[in-house]
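For reference, the structure discussed in these notes is given below.
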């Protein structure tokens, strides 16, 4: 059987990290502190993702990005506006942003 392309995505906020895994469709929220970061880095490494995507959030993403990189995970920091624009252009904005019709 072919290996699935696994992507782990993080939405970074001041107090929390939201983690989503595709195509497994799993979601998790942890506090944005040392314990929470340690937990999601461990889980990310266990998954062996092909990409780890972190949303740029005015500098809040730096700590998690540095930690994921130090753990030798394939991290990409993305511009949230470009992600939204891409979703709109491909007709998927309702999937990602809860919009309908």
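Taken together, the values in this text are just the output of simple stated rules run on the coordinates, not laboratory data. None of these values were measured; they are calculated from a predicted model. Cβ atoms come from the backbone with ideal geometry, glycine included; neighbour counts cover every protein chain shown.
State, to one decimal in nm, how far the label point of residue 70 lies from the label point of residue 28, with both points 7 Å from Cα in the Cβ direction.
With each label placed 7 Å out from Cα toward Cβ, I get 1.9 nm.
Can you give the extra length, in nm with one decimal, that the chain gains between residue 45 and residue 88 once fully stretched, where that is 0.36 nm per residue apart less the Cα-Cα distance? Don't skip to the answer; put the middle values down first.
Working: separation 43, 0.36 × 43 = 15.48 nm, distance 3.11 nm.
Working it through step by step, the gained length comes to 12.4 nm.
Treat each spin label as a single point 7 Å out from the Cα along the C-beta direction, and report the residue 78 to residue 4 distance in nm.
Those two pseudo-labels are separated by 1.8 nm.
P(r) for the range 7-97: what percent of alpha-carbon pairs falls in each 5 Å bin, starting at zero?
All Cα pairs, binned at 5 Å, distribute as 3, 14, 26, 27, 18, 9, 3, 0 percent.
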